[in-house]
Amino acid sequence: MDILITISISIVAIEHIYFLILEMFFWTKPKGIKTFGLKSKEFAEDTKVLAANQGLYNGFLAAGLIYSLVIEDKNLSILFLVFVTIAAIYGSYSTQKVRLFYIQGIPALIALIFILISN
């Protein structure tokens, strides 16, 4: 794959590994509470199972992107980048935090654009 495509997909995958770590292991810690703007430590404790599940899904997105790089399959990369973009759109809409789309969606869209213009 083209180096620019590989780098951009890798950035998206690394982001999702980071999201996995935050949601599965740091949700109830000060870093997680601050990052996600949670109401309180109690709220974080009450929702940690949901966050861990969400983190697991982010890990699946990262795994799919990494796998697409390993087997050098642009179509699979496109599929997982579309999944990431849809998750970013829904996440920013449902939480009313546009910042989420910029952090998660824009890098995925950039990677998609690189793939599409390379064909």
- prompt: Does any residue of the range 6-27 turn out to be aromatic (Phe, Trp, Tyr), surrounded by fewer than 16 Cβ atoms within 10 Å (Cβ to Cβ), closer than 20 Å to Phe114 by Cβ and under 17 Å from the mean Cα position of the chain (by Cα)?
  reply: no
- prompt: Could you say whether any residue in the range 25-37 is modelled with pLDDT of 95 or more and assigned to a helix (DSSP H, G or I)?
  reply: yes
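Surrounded by fewer than 19 Cβ atoms within 10 Å (Cβ to Cβ) and small (Gly, Ala, Ser), is that true of Gly105?
Details: surrounded by fewer than 19 Cβ atoms within 10 Å (Cβ to Cβ): no; small (Gly, Ala, Ser): yes.
Here the answer is no, as Gly105 does not meet what is asked.
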query: Restricting attention to the range 74-119, which residues are assigned to a helix (DSSP H, G or I), touching a residue at least 40 places away in the same chain (Cβ under 8 Å), more than 21 Å from Leu20 (Cα to Cα) and of a type in the set (S, T, N, Q)?
result: Ser118
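Within the range 64-73, count every residue that is without any contact (Cβ under 8 Å) to a residue 24 or more places away in the chain and assigned to a helix (DSSP H, G or I).
3
The values are calculated or read from the model by the stated rules, or taken from the named source; none is laboratory data. None of the values given here were measured: they were computed from a predicted structure. We place every Cβ from the backbone using ideal geometry, glycine too, and count neighbours over all the protein chains shown.
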